[in-house]
Every structure is written in C-alpha cells, then in structure tokens.
Amino acid sequence: MSDIAKYIRTIPHYPKEGIMFRDITTLLKDPVGFKLAIDLLVAKYKDAPIDYVAGIEARGFILGSPLAFALGIGFIPVRKKGKLPSKTISQSYDLEYGSDTIEIHADALPVGANVLLIDDLIATGGTALGAITLIEKVGAKIFETAFLVDLPELGGTQKIQKAGHKVFSLCSFEGH
C-alpha cells in the first residue's frame, strides 16, 4: 500500500513555514495512481457491512463517490455550512487555527445505518471527529474511517481511536 505515497507530492513550507503539505492532486491526475487508490479501498471494503460512504467536503467527495459507486451503495456528502438545500443538521468542530461547521441533510441516513467515513488526509482529527459526531447525531453508526494519508505525528488517528472508532489509511508520512 505504500505505493500510493509515490503519487503524492510534498510541498515544503505551505501554507506556512515548517509545514510539509501533502498534495493529493498529483495522485488524482495520474490515472494509474487514482485507480490504484480506489481499487485498494474497494478491495478493503467490498465485503464490509457498510450501507453508505460519507465523504467530507471536498476531497472526500472525490474519493468517496467512486468508492460508493464501485461498492454499489449510496454516497452521503458532508458539506460546509450553508451548502445543502434541504433541512440540515450541523456540527461545529475545532481546527488547528479556529473552528468550522459541517452539515448533512437531516434525512441523509436512516437510523442504524453503517457508514464508512472517508477523507483525503487525517491530521489533527478535528474535521473527522466533527463528521463522526454529525453522523451519530442522526442515529447512524460509523463502521470505520478511511483516509489516503495519515500524518501520525499530529495525533488525529489516536484521537479517533480513543473515541472508539477504527482508522484505516493507505499511506502515512512523518512530520507535519
């Protein structure tokens, strides 16, 4: 699975000095890399008891939609506040430099549904934990969380695991 890492570009000192930004756009534009990532996720979850894939805006949409399609299940967008047209429920969460709010439609998930939550990267875990809380608010269950990239030094994986949820990543990078 570490083959995925070779498709991901590292941009030093972005968005600020000392940060090593892991840019997945190089993976997404590469037909071999993108297909490999989706194929690995499909292989991991093809027999899992999941009813929906929920993707966090925006890169979680890019990964979650083809994954849900390949698995033959529905896709649930987890959007930034104010982007969904029908009745929503929201969850605020802390970021490294502030806070934000995400939403899903109030009727997006049936009670008891098993959900795979996906995003491109797990860093501090704030966004993922917010999405987990939001999905659980409607009575659905998190089967697992999945990411292309884990940045273990930032502690997000440990936070999610401490909250009682499983975490899967296709690759990891040391440092920020």
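The values are calculated or read from the model by the stated rules, or taken from the named source; none is laboratory data. The model shown is predicted, which means the values in this text are computed figures rather than measured ones. Because the Cβ atoms are built from the backbone with ideal geometry, glycine has one as well, and the counts that use them run over all protein chains shown.
Quick notes on this structure:
- Across segment 130-148, the qualifying residues are those that are in contact with a Gly (Cβ under 8 Å, 6 or more places away or on another chain) and farther than 18 Å from residue 161 by Cβ, and the one among them that is surrounded by the most Cβ atoms within 10 Å (Cβ to Cβ) is 140.
- The residue pairs whose first member lies in segment 38-63 and is farther than 14 Å from residue 148 by Cα, whose second member is assigned to a loop (DSSP other than H, G, I, E, B), and whose beta carbons are closer than 7 Å, counting only pairs six or more residues apart or on different chains, are 50/73; 51/73; 51/113; 52/73; 52/109; 52/113; 53/73.
- Some residue of segment 105-115 being charged (D, E, K, R) and within 27 Å of residue 20 (Cβ to Cβ): no
- Residues that are among the aromatic types (Phe, Trp, Tyr) and in contact with a strand residue (DSSP E or B) (Cβ under 7 Å, 6 or more places away or on another chain), drawn from segment 1-48: 14, 21, 45
- Taking segment 17-37 as the range and being buried (at least 17 other Cβ atoms within 10 Å of the Cβ) and in contact (Cβ under 8 Å) with a residue 60 or more places away in the chain as the test, the residues that pass are 22, 24, 27, 37.
- Segment 88-117 - residue that is surrounded by fewer than 17 Cβ atoms within 10 Å (Cβ to Cβ) and of a type in the set (D, E, K, R) and, of those, modelled with the lowest pLDDT: 96
- Verdict on residue 112 being within 22 Å of residue 125 (Cβ to Cβ) and either free of Cβ contacts under 8 Å to residues at least 40 places away in the same chain or touching a His at 6+ places or on another chain (Cβ under 6 Å) (or both): no
- Segment 1-16, subset assigned to a helix (DSSP H, G or I) and not hydroxyl-bearing (Ser, Thr, Tyr), residue surrounded by the most Cβ atoms within 10 Å (Cβ to Cβ): 4
- Filtered by the rule that a residue be among the β-branched types (Val, Ile, Thr), in contact with a Lys or Arg (Cβ under 7 Å, 6 or more places away or on another chain) and under 21 Å from residue 47 (Cα atoms), segment 59-118 gives a lone residue, 115.
- Pairing each residue of segment 156-176 that is buried (at least 16 other Cβ atoms within 10 Å of the Cβ) with any residue that is basic (Lys, Arg), provided the two are 6+ apart or on different chains, yields C-beta distances under 8 Å for 168/44; 173/22.
- Matching residues, segment 48-67, being within 16 Å of residue 142 (Cα to Cα) and either of a type outside the set (Gly, Ala, Ser) or surrounded by 22 or more Cβ atoms within 10 Å (Cβ to Cβ) (or both): 49, 50, 51, 52, 53, 54, 55, 56, 60, 64
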